[in-house]
Every structure is written in structure tokens, then in C-alpha cells.
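Worksheet for the structure shown next.
The values are calculated or read from the model by the stated rules, or taken from the named source; none is laboratory data. Nothing here was measured: the structure is a model prediction, and the numbers come from that model. Using ideal geometry, Cβ is built from the backbone for each residue, glycine included, and neighbour counts are taken over all protein chains shown. Ligands, DNA and RNA are excluded from the accessible area calculation, which covers all protein heavy atoms including side chains. Shrake-Rupley method; radii C 1.70, N 1.55, O 1.52, S 1.80 Å.
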Amino acid sequence: VPSNLTEKELFERRCAAVAELYQLSPRETDILKFLAKGRNAAYIQKQLYISEGTARTHMRHIYKKLDIHTQQELMDLVEGAEEEAA
């Protein structure tokens, strides 16, 4: 991993690597970033101006595509993506 990257840049690259690997849509990628930071559906819907139901539907699709069941698994997956992000 290049040492000249900021934490934010590294996080963005990790999220992009996961999104590309699992073929997430652009909107799912937006939501993935919030989930990887530990945010919930209510927070996401307010930030993206979507209904909480829509946020939850996107979350369900993301979890299914990544074959995970918890937000912690998602956070671990993104954190472990640094090798691909390099």
C-alpha cells in the first residue's frame, strides 16, 4: 500500500475494490461506504435523501452480493481489501 495515501483515500480505494469485485451498483457503492463506517439505515436515508425502506433494500442487496450477514463482516471485508487497493 502506498504510504502517501491519506486514511480517507485508502478507505475510498478499499471500498472501490470491494464494489468492483462484487459488482455493486454506483448507489450500492455509496451505501457501502456508509456501512463500512458503521452507519445505520436511518443515518444513510437522511444523508442520501432516500426512504429508510430504500436504504434497507440496498443494504439487503449489498449483503447478498457480498455473501455476508452482519455489518461487522462488511467492515472486516472492506478493511481487508487493502491488498487489492494497492
Only residues in the range 8-33 that are more than 11 Å from residue 81 (Cα to Cα) count as the first member; pair them with residues that are in a helix (DSSP H, G or I) and open to solvent by 20 Å² or more (accessible area, probe 1.4 Å), Cβ under 6 angstrom, at least 6 apart or cross-chain, and list the lot.
-> 22/65; 28/58; 31/58
Count of the range 49-83 residues which are more than 13 Å from the chain's Cα centre (by Cα), farther than 15 Å from residue 18 by Cβ, surrounded by fewer than 15 Cβ atoms within 10 Å (Cβ to Cβ) and not small (Gly, Ala, Ser) | 4
Exactly one of 35, 10 is of a type in the set (A, V, I, L, M, F, W, C), at pLDDT below 95 and surrounded by 12 or more Cβ atoms within 10 Å (Cβ to Cβ), and that one is 10
Scan the range 18-32 and give yes if some residue there is in contact with a helix residue (DSSP H, G or I) (Cβ under 8 Å, 6 or more places away or on another chain), assigned to a helix (DSSP H, G or I), more than 25 Å from residue 4 (Cα to Cα) and open to solvent by 50 Å² or more (accessible area, probe 1.4 Å), otherwise no.
-> yes
Residues of the range 43-57 classified as in a helix (DSSP H, G or I) and without any contact (Cβ under 8 Å) to a residue 12 or more places away in the chain, total | 7
